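The values are calculated or read from the model by the stated rules, or taken from the named source; none is laboratory data. As the structure is a prediction and not an experimental result, all values here were calculated from the model. Cβ coordinates were reconstructed from backbone atoms using ideal geometry, including for glycine residues, and neighbour counts include every protein chain displayed.
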C-alpha cells in the first residue's frame, strides 16, 4: 500500500512538472504569435484590438480538472482606428472550456472577467447598448448558442451614463430619473452573461451618484418595468403631508446610493436624496422576482430652519442640512426633529405607502442596517 501511495505521489509530481513546463512553453509561443492572435480576435469581433501582453495561467480543481485562463494586460478595443474613444481594460481574462472545446472543435469559454475600466454607457436604437462607441453585442461571440453562456464578472468598473432617461427604458427600468450627470461604479457577477431581462439577476454591489436631477412623478410607472425604489409613487404620497414643499415636483441636487444585489433582491441602507425642499433617506429591500417593496423612508422637509443657529453658517443651509441628516438621523429618536417616517410595502403596481409614528420604528434596525445586508459571494 505504501508503495502504491509513493508511486501515485511521484506520478502526480511529474504531472505538475510537465504542466509547469507546458505553461512556460505555451506562454513563449503566445508572445511570439501575439500579432497573429490580435488579428484573429479582430476578425472574430470586427473591432480594432490592442493589448500589451498575453499569457496563460492554469488552475487545477479537485486535483484533476484543468482550468486554463488567457489573460490580456492593458486590453483596448474600438470600432476602428479613427475611433478616438476606445474601451480600455486593465486586465481581461477568459477561461477556456477545455472539454466542450474539444467536443465542438472550436474555442469555447467558461468565464469572462473584466477588471478595471472607466467607460461611458449609452444606447442607440440601431447599435443597441454601447460602451463608449463599441456595441456590447459585438464584444461577445458564441459559435454554439445552445451551450451555456460563460459567466461574466465585472471588477472595479466605473461608468458615466449618457442619456439616462433612454437607458432606463431600454434596460427595463422605470423611466423616472432625469439628469445629465450620472456616475456609476460596480463589482458584479453573473453565472451567465445576462440578457437584457436578466441584468439585475447577478450578485454584487452597485453605487450610483446623480447630480442636478429630477424625479418624474407626472406619469404612472407601469408594473411591467423594474422599479427598485418607489420614487414615482412616494412624492405623490408626500404631497398629502408636505404640499407646500413638494407641489412643484421633486427636483434634487444630489442622489447617492449603494445597492447590494443578491438572489434577485436589491438592498440599500443609504439611498439619500438631497434637494432644496427636503432630504430623503430610503432603507430596505426590493424583491425583483416577486416585484414587491419592503422599505422605510425618512423625510426631512425644509431642514435648514430646524438646525441650531450656528450650523447653517458653516457651509450654507444645504451643507448644514446634509450634515445634520447624515450625522444625526441614525443616532437618536427623531420624532422631535421635524422628520416623517413612511413604510413602503406591497407590489410595484400598487405600493402601500403609510405614515408611521417614530416610536413604532425599530431605531436599532436603522442604526445597524449594514449588519442586515447579505454577504456577497460573487462567485458561487
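Can you name the residue in the range 27-46 that is free of Cβ contacts under 8 Å to residues at least 40 places away in the same chain and under 16 Å from residue 76 (Cβ atoms) and, of all such residues, is surrounded by the fewest Cβ atoms within 10 Å (Cβ to Cβ)?
My answer is 35.
Looking at residue 80, is it in contact with a strand residue (DSSP E or B) (Cβ under 7 Å, 6 or more places away or on another chain), at pLDDT below 90 and surrounded by 13 or more Cβ atoms within 10 Å (Cβ to Cβ)? Can you show your working first?
Details: in contact with a strand residue (DSSP E or B) (Cβ under 7 Å, 6 or more places away or on another chain): yes; at pLDDT below 90: yes; surrounded by 13 or more Cβ atoms within 10 Å (Cβ to Cβ): no.
Against the criterion (in contact with a strand residue (DSSP E or B) (Cβ under 7 Å, 6 or more places away or on another chain), at pLDDT below 90 and surrounded by 13 or more Cβ atoms within 10 Å (Cβ to Cβ)), residue 80 does not qualify.
Does the range 287-299 include one or more residues that are part of a strand (DSSP E or B) and at positive phi?
no
Quick check on the range 98-110: of everything there that is touching a strand residue (DSSP E or B) at 6+ places or on another chain (Cβ under 8 Å) and over 18 Å from residue 40 (Cβ atoms), which residue is modelled with the lowest pLDDT?
98
Looking only at the range 355-380, which residues are part of a loop (DSSP other than H, G, I, E, B), at pLDDT 80 or above and surrounded by 14 or more Cβ atoms within 10 Å (Cβ to Cβ)?
373
In the range 83-96, which residues are crowded, with 19+ Cβ neighbours inside 10 Å and closer than 14 Å to residue 154 by Cβ?
87, 89, 92, 93
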